[in-house]
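The values are calculated or read from the model by the stated rules, or taken from the named source; none is laboratory data. Quick caveat: nothing in here was measured; it's all calculated off a predicted structure. Here the Cβ is made from the backbone with ideal geometry for all residues, glycine too, and neighbour counts use every protein chain on show. Accessible surface areas use protein heavy atoms only, side chains included; no ligands, DNA or RNA. Shrake-Rupley method; radii C 1.70, N 1.55, O 1.52, S 1.80 Å.
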Amino acid sequence: MKHLQFVLVVIGVCLAGYASLFAVGRSSLYCTHSNSYFDTAPCFQTEVQGRQVDTLLVGDSSLLYGIRPDLVAAAGGGSSYNLGMVGPSFGFRTSELIDRYLARNGRPKAIILYFAPWQLISQDKVVDPQWAPLGIYQLRYGSGASFLAFVRAVPAALAELPPMIVANLTPHSAPALRRRAELASNDGYLAYTREGLKPLPADCQPGQRPRRPLDVIDNRASLAELRAHYRSLGIPVFVYLAPLAVCDDEIGAVRRVYAGLTDNIPQALPNPLFVDDAKVAEHVHASEAGVAIFSRQLADFIRTRVQTQSRGPAA
């Protein structure tokens, strides 16, 4: 009996310890003392308030690291806020991310969903193996129902998220607060500054890296639902697929999968406009040169498609 009691006490202490780590992850203490670059967006991005912009940009890391609102404005695209998130932090229950922004900021004239082709948009599924930022985001801002839905989608998070939280904690707050300030001063854009990142070489050739199949990604119903929901609120939603690197040789498959779903024509662009950060053929994160090009292209899209539609037909 004493042995059983000892075992139960040990189990109870372990469970209490794990529960306390979830509480730490939910607190502002974790976000201001995390040494993880990838915690920046899920920790601080949705705290923005009081903004009034023409266009709300919502998307994944291809947006977060790739589009500078100041460059968009300079190219004639008007004012915007970059509500970019890391990985499935955008794709899982996207409307909740948007609604939190709308509740704390002025109403935009339009919303643009800007994301990479492999990003699943879903209410109950997560296919990206890099789910940790979504876990932090759900701990910080998700409702109880949303967090339970996340756990159902990623059961491993119950065991794996607490050790990740411990590993990321540091006594220093300056780096996290510096990145937070960068988000605020750049209207949500975050420079992609991981150590050792270099642009893709210009001579990168198709077929050099394995591909992750697109057939598990089906965003048709989710995008239709998002368009209909915000249209009912008087806010048009546009879908803009992030550009791809030429050397990945994926543009044909991407255009087939997204035919009729996007408002832009997906593009394959020169390799040096992307950073060499993927072991598979999925290069969508902009290099420094790419940020300027991609921001100007988005401004052109806003000027020719979004602003034109928002004004409506001439009287």
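The residues of the chain have, on average, 46 Å² of accessible surface per residue, using a 1.4 Å probe with all protein chains present. In the chain, the portion of solvent-accessible area held by carbon and sulfur atoms comes to 58 percent [1.4 Å probe, whole percent, DNA, RNA and ligands not counted]. Remark: the Asp99-Gln52 segment gains 15.4 nm on full extension, using 0.36 nm per residue and subtracting the alpha carbon distance. For Lys125, the aspartates and glutamates whose Cα falls under 14 Å of its own Cα, not counting residues fewer than eight places away in the same chain, are Asp218. For the range 170-222, what class follows from the C-alpha gyration tensor (a ≥ b ≥ c being the square roots of its eigenvalues): rounded when a/c is under 1.5, otherwise prolate if a/b is larger than b/c, else oblate? Judged from the Cα gyration tensor, the range 170-222 comes out oblate (a/c at least 1.5, b/c at or above a/b). Here the Karplus relation 6.51 cos²θ - 1.76 cosθ + 1.60, evaluated at θ = phi - 60°, turns the backbone of the range 78-86 into coupling constants of x, 7, 8, 10, 8, 8, x, 10, 9 Hz, with x for every Gly and Pro. Residues whose amide H lies under 5 Å from that of Leu244, counting only those 5 or more places away or on a different chain, are Gln267, Ala268, Leu269; hydrogens are built 1.01 Å from N in the peptide plane. Under the shape rule built on the C-alpha gyration tensor, where the axes satisfy a ≥ b ≥ c, the chain is prolate, since a/c reaches at least 1.5 and a/b is greater than b/c.
Among the helices of the chain (complete DSSP H runs), which have Cα atoms covering no less than 27 Å along the helix axis and a Kyte-Doolittle mean of at least 1.0? Once both thresholds are applied, what remains is 2-26. Here the chain is treated with +1 on each Lys and Arg Cβ and -1 on each Asp and Glu Cβ, and its dipole about the Cα centre works out to around 660 debye.
Summing Lys and Arg as +1 and Asp and Glu as -1 over all other residues whose Cβ lies under 11 Å from the Cβ of Leu120 gives a net charge of -3.
Gain on full extension, evaluated as 0.36 nm per residue between Ala145 and Arg255 minus their Cα-Cα distance, stands at 36.1 nm. For the range 196-255, rounded, prolate or oblate, judged on the Cα gyration tensor with a ≥ b ≥ c (square roots of eigenvalues), a/c < 1.5 rounded, else prolate if a/b > b/c? Verdict is prolate for the range 196-255.
Looking at the chain, the DSSP beta bridges with both ends there are about 15 percent antiparallel.
Taking a point 7 angstrom from the Cα of Ser27 along the C-beta vector, which residues in the range 111-147 have backbone N less than 19 Å away? The answer is 136-142.
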